[in-house]
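Just below is one structure, and these are the notes that go with it.
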Amino acid sequence: MTRILIVEDEDRIASFVAKGLRAEGFSPDVVEDGHEAIELVRTGRYDLVVLDLGLPGLDGFSVLRMIRSERHELPVIILTARESIEDTVAGLSSGADDYMRKPFAFDELLARIRLRLRAADPQEATVLRAGDIALDVRTRRAHIGDTTVELSSREFTLLEVFVKHPDQVLSRAQLLSRVWGLDFDPGSNVVDVYVRYLREKLGHETFETVRGAGYRLRVTKM
Ligand code: CA
């Protein structure tokens, strides 16, 4: 069982992430204080750390510095509410493997966690396939047959959800939640807009519109 330590003092975010990870078969623990986080990391029980920067007691940067001085190989993904790019760059240069800015979509965090765990375990496959679509989740590049398709980060995440559920109808609500992290319909047609972007890049017939239900990735071309 892959053990993940979530260091986060906002209950709502911590329980949202822990619940999601549990549903995906991981074993998450939550701690909200920087000093306690260091003690837990020192037990050597964890395979990856999700680390908030603004913490009571000891901040995330100090926790990160300790992890890097004692456990070089442990993957760390920073969660940050701070807008300043300097903070993020400081985080990365002090040894974080990746970072996510809040608010974030759970699926994107999950994708990055899987990526970091795979990087730590090079045996694991990094390419997801459905029909002639191949997604390299390490480089975040998409290929259709032999052609590389340039996708924005959001387009990639959306396509990744479809590729994981080939031939399955995905509702707008499911896509909003998995790609945009929204549990409500913002009343915009953002899903339709992004499906249209993907159709422009991958071919209109790649996605079937299922009236009143959502969209389906067509794996077997007609
Ligand atoms: Ca915080």
The percentage of the accessible area of the chain (probe 1.4 Å, all protein chains present) made up of carbon and sulfur atoms, to the nearest whole number, is 49 percent
With the 1.4 Å probe rolled over protein heavy atoms, the chain has an accessible area per residue in Å² of 50 Å²
Taking 0.36 nm per residue of separation between Met1 and Gln174 and subtracting their Cα-Cα distance, the length gained on full extension comes to 59.6 nm
Rounded to the nearest 0.05, FRET efficiency between Arg68 and Asp132 (Cβ-Cβ, R0 30 Å) equals 0.10
FRET efficiency for Ile144 and Lys102 from the Cβ-Cβ distance with R0 = 35 Å, rounded to 0.05, comes out at 0.60
Magnitude of the Cβ-charge dipole (Lys and Arg +1, Asp and Glu -1) of the chain about the Cα centre, nearest 20 debye, reported as 780 debye
Calc'd 3J(HN,Hα), segment 20-26, phi into Karplus 6.51 cos²θ - 1.76 cosθ + 1.60 (θ = phi - 60°), Hz, glycine/Pro = x, comes to x, 5, 4, 5, 8, x, 8
Within the chain, pairs of Lys residues whose Cα atoms are less than 19 angstrom apart, provided they are eight or more positions apart or on distinct chains, add up to 4
In deg cm²/dmol, rounded to the nearest 500, the helical mean residue ellipticity at 222 nm of the chain, built from -39500 (n - 2.57) for every DSSP H run of length 4 or more, is -12500 deg cm²/dmol
Karplus ³J(HN,Hα) for segment 57-72 (6.51 cos²θ - 1.76 cosθ + 1.60, θ = phi - 60°; Hz, whole; x = Gly/Pro) runs x, 10, 6, x, 4, 5, 4, 4, 4, 5, 4, 5, 7, 10, 10, 3
Over its alpha-carbon atoms, segment 3-120 yields an Rg and a Dmax in Å of 12.7, 35
antiparallel share of DSSP beta bridges within segment 1-66, to nearest 5, in %, is 0 percent
proj_area_mean for the chain (convex hull on C-alpha atoms), units nm², value 13.1 nm²
A student applying the Cα gyration tensor rule (rounded when a/c is under 1.5; otherwise prolate if a/b is larger than b/c, oblate if not) would label segment 152-217 rounded
With the charge dipole of the chain built from beta-carbon charges (+1 for Lys and Arg, -1 for Asp and Glu) about the Cα centre, the Cα from Val137, Gly212, Ile77 projecting farthest to the positive end belongs to Gly212
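The values are calculated or read from the model by the stated rules, or taken from the named source; none is laboratory data. Here the structure is a predicted model, which is why all the values come from computation and not from measurement. Positions of Cβ are backbone-derived with ideal geometry, glycine not excepted, and every protein chain shown enters the neighbour counts. Surface accessibility is based on the protein's heavy atoms, side chains included, excluding ligands, DNA and RNA. Shrake-Rupley method; radii C 1.70, N 1.55, O 1.52, S 1.80 Å.
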